[in-house]
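Any read-out appearing in this document is the output of simple, stated calculations on the displayed coordinates, not a laboratory observation. Computed from a predicted model, the values in this text were never measured in an experiment. Here Cβ is always computed from backbone atoms with ideal geometry, including for glycine, and neighbour counts include all displayed protein chains.
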Amino acid sequence: MSEEIDVKLEQEVAEFYQSLGIHQGPGDIQYRVILRVLGKNEGKITEFAEIRKYTDQFADKGSIGSKMKTVFQLEGLAEKVKRGGYVITDKGITASNFLKDSTAFYKKNKRMGEIIERMP
Amino acid sequence: MSAGLLLNATICFAITISSFAFAWVLARSEDEHSEKSKPALWSLVVLWSLVGLTYLPTTVRMVAAYIGNPTLDFMMYNLAAIPFSFVSVPLVFFIMYVIVGDKRISAYTSLLFVFFGVSYLTFLYTKGVIGPEVSDFSSLFMINSDIAISIYLMGLFVIPTAMILGLLFLIFLQRMPKRLRYRTALPLVAISFVFDFMLTDMITLIDAMQLAARIFVLIGTVQAFLAYFPPLTLQEKLGIKRYSYELYESPEDIDDINGEDGEDIDV
C-alpha cells in the first residue's frame, strides 16, 4: 500500500476523538501516526527513522520509542525484527483498519456537522 | 356560485397569510442565525414569500370564479403563474447551499432554474390556456402547450424534488441527536409537501384534487411553522426539549469529593 500520511489530518482526527473523551487509541496522535506508517509498510520492515520522519513534528524520539515498546510490542501490534526495524502483525493490520474507519467516521461526522451548520 | 369556491378561496387565503407570516418571522430571526446559515435563511424567506405571492392572486381568482368574473379569473391565473414559475429557484439555492456550502455554485445552479421558469412562462403566455372551467369547488385552466408542461414537470418538479429527497436521505442515513434530526428533517418534509402539492395544484384538471392539493399546501405551511417553532408539548412528546440548566455544585458535594475516605459520596 502506498497511501500518503497526512499528519495534519491525523492530528485533527485525534483532537476530534479527544473532544469526545477518547484519549487513547484513535484519540492519540502518536498511536495514529505510528500505526499509519506501520500499515503503509505492510509486509515490509518499517525503520524507526521512517516513523520519526512523521512523528518528529509533534513528539520526541523517547516518547515514540516508549510507545513502540509499551503499546505496539506489548500488545502484539508490531514485532521488532532488528535494531530499529519493526513489522506490523495481523493484529496490527486489524488496528490499522479500525483507524481508517475512525478517520472515515470523523470525515462523515464533519461533513454532516457542516451541513447542519448551514441549515437555518 | 357555490360555497365550495369560497372554501377554496379561504384555504388559499390561509396559505397566503401563513406563508407571508412565516417568511416574516424567519427574516426577523436573522440575528439568531450564524453567518454560514444566513444565505440559506434568506433563500427560505424568498421561497415562502413566493408561495404567498402565488396564493394571493389565486385567492382573488377563486373569489372571481365565485362572483362569475372569468376575465379577472384569467388575469389572476396569469399573475399567479409568475411567482409560481420561480419557486424552484430559491429552493434549489437552499439545497445546493446546504449540501455544497458554496454561494457561487448554488447561485449558478439556481440560475438554471430561472431559465426553466422563464421558458415555462414564455410557452404558457404564447400558447395560452384553455378555460376557466368553473366547478363547485374550483376554477380550472388547461395549459395549451405540451412543451410548457414538460418543462414544468422536468425542470420545476422532478429535479428539485429529487434534490430534497437526496438531502433527506443524507440526513436519515446519519445518526444524530433527535433534536437535530427533527430540526433538519421536518423543514425539508414541509418544503417538499408545499412544493409538490403546489405543482399538483397548478397542473391538475380535477377540481377535488386541486382542493385537496391546497389543503396539503396549508398543512405543509403549518408543518414548517412546527419545524422552526415547535410547541412545548410536542417538544416533550418527541423528546427534543432543550432544558436550560445550571451546573450543579453544592458545598456538600465539594466536601464529599475532598473527603478522606470518600465512602459516603452522595451522587
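Residues of region B:92-114 falling in the label zone of residue B:147, defined by backbone nitrogen less than 19 Å from a point 7 Å along Cα to beta-carbon, are B:112-114. Label positions at residue B:78 and residue A:53, each projected 7 Å from the Cα along the C-beta direction, are separated by 7.4 nm. Here is the list for region B:133-237: trypsin sites (Lys or Arg not before Pro) lying in DSSP coil, each with at most 11 other C-beta atoms within 10 angstrom of its C-beta, are B:175.
Compared with the dominant principal axis of the Cα atoms in chain B, helix B:103-127 is inclined by about 20°.
Model label points for residue B:122 and residue B:69, set 7 angstrom from Cα along the Cα-to-Cβ axis, are 3.3 nm apart. Taking a Cβ cut-off of under 14 Å around residue A:37, the surrounding Lys, Arg, Asp and Glu residues balance to a net charge of 0, with basic ones at +1 and acidic ones at -1. Summing charges over all other residues whose Cβ lies under 14 Å from the Cβ of residue B:141, with Lys and Arg as +1 and Asp and Glu as -1, gives -2.
Would you order A:5, B:171 from fewest to most other beta-carbon atoms within 10 Å of each residue's own beta-carbon? The partial results should precede the final answer.
Numbers: A:5 14, B:171 18.
Listed from fewest to most nearby Cβ atoms, that is A:5, B:171.
What does the helix-only formula give at 222 nm for chain B: each DSSP H stretch with n ≥ 4 adding -39500 (n - 2.57), the total divided by the residues, and the result rounded to the nearest 500 deg cm²/dmol? Show your work: numbers first, answer last.
On the way: 11 runs with 194 residues, N = 267.
Dividing the helical sum by the residues of chain B leaves -24500 deg cm²/dmol.
Rounded to whole numbers, the Karplus 3J(HN,Hα) couplings from phi for region B:206-223 are 10, 4, 5, 5, 5, 5, 4, 4, 5, 4, 5, 4, 4, 4, x, 5, 5, 4 Hz, using 6.51 cos²θ - 1.76 cosθ + 1.60 with θ = phi - 60°, and x at Gly and Pro. Positive end of the dipole of the protein assembly as shown (Cβ unit charges, origin at the Cα centre): among B:89, A:16, A:112, the Cα lying farthest that way belongs to B:89.
Among B:150, B:192, B:138, determine the one that fluctuates most according to a GNM of chain B built with springs between C-alpha atoms less than 10 Å apart. Of B:150, B:192, B:138, the Gaussian network model singles out B:150 as fluctuating most. Against chain A, whose longest principal axis comes from its Cα atoms, helix A:7-19 is set at around 70 degrees. Scanning chain A for trypsin sites (Lys or Arg not before Pro) in DSSP loops with at most 15 neighbouring Cβ atoms within 10 Å leaves A:1-43 as the longest stretch between them.
Give me the log10 of I(q) over I(0) for region A:7-113 at q = 0.21, 0.23, 0.24 Å⁻¹, as the Debye formula computes it from C-alpha points; what are the numbers? Reported log10 I(q)/I(0), two decimals: -1.11, -1.30, -1.39.
Subtracting the Cα-Cα distance from 0.36 nm times the residue separation, let me have the gained length for residue B:34 to residue B:165 in nm, one decimal.
Length difference between fully extended and current span is 44.6 nm.
To the nearest ten degrees, helix B:3-28 and the longest principal axis of the Cα atoms of chain B are 40 degrees apart. Excluding residue B:70 itself, what net charge comes from residues whose Cβ is under 15 Å from its Cβ, given Lys and Arg +1 and Asp and Glu -1? That sum, taken over residues with Cβ under 15 Å, equals -1.
A full extension of the chain between residue B:27 and residue B:204 corresponds to an added length of 60.5 nm, given 0.36 nm per residue minus the alpha carbon distance.
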